Amino acid sequence: MRRSRIFILLAIILLLGVAAAYLFLGRGGGGSSEGDATPVPIDVVFVAIAAQDISRGAKIPEDGVIMSRMNANLVVETMISGSDEDEIRSRIVDRIARQDIARGVPITEAMLTETSGDLLAGGSNAALAIPAGYTAIAVPMNRLSGIAYALRDGDVVDILISLLLVDIDTDFQTILPNQTTPLTASGGTSEFPASNITGGVTGVEVSEDVNIPPLPFGRVETDEVTGQPFHIIPQEKQRPRAVSQRLVEAAIVLHVGTFLLEGESAGEVIAVPEGGVGAPAPEGQPAAQTITPPDIITLIVTPQEALALNWAMKVGADLTFTLRAPNDTEVTETTSVTLQYLLETYEITVPTKLPYGMEPRLENLITPELPNDKPPEPPQQ
């Protein structure tokens with residue numbers, strides 16, 4: 001029994017060995033047979049690569065392009081590629097680079113042009129921040145209108161406008177009242193009774209209920225009690241009337257100050273000496289520079305708002321910025337503010353004419369003088 005078991009085990013081992021040898025030699029052992037897999041050929045094409053740094057606007061030189069072999073399945077459609085090196089090179093050499101092309105970068109058709117007038121500018125980073133349908137416009141500002149220089153890029157502001165209005169003649173477009181010249185007619189015929197017309201004394205707005213000739217500039221009024229006519233003339237020109245209203249709501253600040261030009265650096269930050277700006281710097285340390293405050297701000301607005309701001313700047317209107325909270329999208333309505341609005345809305349009392357007054361005579365409001373408005377005094381030697 002024991003010997004028969006050994007024979008059975010040996011027979012099993014032998015069968016397993018034959019099966020393993022068959023599998024190794026017939027399928028996976030590298031022997032040639034009808035069942036061997038055939039290698040799949042790989043399609044290789046030439047791709048144009050920049051052999052050197054090529055500046056925007058420069059012609060592509062002969063030695064500015066090299067060919068690199070690349071698997072066809074790895075080639076992007078925008079790359080300039082093919083099976084003929086000379087044909088690929090002819091499509092690139094002597095053409096103009098629309099943009100800067102770095103060495104080692106695959107060249108695409110979008111990078112090249114036939115004429116310099118078709119150069120593709122890289123554009124500015126500022127333009128990337130403007131949403132579609134909006135535009136950017138620069139507006140002057142100072143410390144008062146610019147919220148004490150608190151504005152930063154990305155802030156949201158409203159813009160207020162203040163104007164001075166006067167009454168004008170619609171035909172002459174001049175300030176009222178007009179000056180008139182009475183005309184005297186002499187001679188003529190029955191058909192044309194006033195052939196010779198000559199000018200007289202300057203006059204305006206003659207009262208029709210008073211039978212007197214035209215008077216110099218002014219008007220005639222009659223005293224209601226005595227019936228005595230009086231000639232009234234103004235002692236000064238027409239006073240403008242001020243009005244303020246919000247012009248633009250929720251404009252985005254694109255940039256505060258002047259943008260740096262290409263190749264321009266912001267400048268080195270120098271520590272301020274202990275004595276402050278203008279004080280002599282310690283030995284070996286450069287003098288501190290005076291920081292120039294911004295005088296301009298660039299805003300993202302709608303095209304119509306840009307037109308309104310452009311008009312306001314051209315006519316010299318006063319513009320003031322007000323700062324809004326981030327993500328404040330609430331739309332509010334405002335009412336134009338005039339002298340009448342202030343008096344009625346805030347119940348401002350018109351001063352009574354008193355038998356006494358202030359001395360010295362006050363004709364203009366006193367504006368507080370801020371220390372920072374004074375230019376810094378030069379350091380004493």
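Rule-based calculations on the coordinates, nothing more; no lab input. From a predicted model like this one, the values you see are computed outputs, not experimental measurements. Cβ placement follows ideal geometry from the backbone for every residue including glycine, while neighbour counts extend to all protein chains displayed.
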* **Cα centre as origin, Lys/Arg/Asp/Glu Cβ charges: region 303-381 dipole, Debye** => 240
* Structure fact -> Straight-line reach check, LYS314, cutoff 27 Å on alpha carbons, 8 or more apart in-chain or any other chain, hits among lysines -> LYS237
* To do: Starting from the alpha-carbon convex hull of region 292-351, give the projected area averaged over all orientations, in nm².
  => 7.7
* Taking the Cα centre of region 44-118 as origin, sum charge times position over the Cβ atoms of Lys and Arg (+1) and Asp and Glu (-1), and report the length of that vector in debye to the nearest 20. => 220
* Taking the simple approach of a point 7 Å from Cα along Cα-to-Cβ for both LYS314 and ASN73, what is their distance in nm? -> 6.3
* Net charge contributed by nearby residues that have their C-beta within less than 12 Å of SER162 (K/R +1, D/E -1) -> +1
* Listed residues THR345, LEU362, GLN304: farthest to the positive end of the dipole of region 298-381 (Cβ charges) -> LEU362
* Structure fact -> Of the residues ALA126, VAL105, ILE168, the Cα lying farthest along the dipole of region 88-171 towards its positive end, which is defined by charges on the beta carbon of Lys, Arg, Asp and Glu, belongs to VAL105
